[in-house]
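Any read-out appearing in this document is the output of simple, stated calculations on the displayed coordinates, not a laboratory observation. This one's a predicted model, so the numbers in the text were calculated from it and none came from an experiment. All Cβ positions, glycine included, derive from the backbone under ideal geometry; neighbour counts span all protein chains shown.
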Amino acid sequence: MLSWALRAVLVADFFVIGSSEDARAVRLESQAVRISDALPAVRPDWPVPKEPGQIFYIQRSINSNTVVYTARYDRNGNLKTRPGRIMWRRYNDAGERKRLKAYEHLAFGLNYRKLEQPGHFLVSLRALPRLTMELHQSGPNKAELIATIGGRQTRARYAYVTVDESGLLPKVTELKLFGVDIATGQAVSETFRVLGGGFRY
């Protein structure tokens, strides 16, 4: 079963069309779980972002442009009150870094709530605030995104979404999530079919 944390990752690559009821109608059907020694690359020919403070990224089947999530720290190395930053790496162009446009924050923007434990935050996407994940500080200037993939607690690494462009509007049809098992160090991936709702890219 997909945790709230992972559903939040899903929404980050979608632009919502329609009402909040449309968003809640999206369902994810688990298709397969894979355990491996190394983190698989869906598109090994595409660049992998390695930004300072990076905690997660999202790739899409339509091109190599990538959404990157990074953590923000104060001068003492602690997560800031607003601990995240989001940007594009436009690999399909010249690889430049780009700020999100205002309307893209409807899908990619994040809300944060500080938890009781120091350095722990509940994170939710503005598009679907009920869907949350946790950002944990693991050391000075270090943080990780914790998510359940394939029934295992993992450090989430990236997501890959398949986009069907055959209709009037492109639609996400499949989601792959990748992480590293906290207990074993093995790579874990889970594939979901995306059903229902009003999500389009």
Open item on the list: For a quick check: with amide H placed at 1.01 Å from N, whose amide H comes under 5 Å from Arg157's, ignoring anything fewer than 5 positions away on the same chain?
Closed with: Phe178, Gly179, Val180
Task: Within straight-line cross-link reach of Lys80, lysines at Cα separation under 20 Å, skipping those fewer than 8 residues along the same chain - done: Lys114, Lys142
TODO: Show me 166-172, 65-71 ranked by packing, highest mean number of other Cβ atoms within 10 Å first.
DONE: 65-71, 166-172
Task: Cross-link partners of Lys171 among lysines (Cα-Cα below 26 Å; sequence separation of 8 or more within a chain) - done: Lys98, Lys101
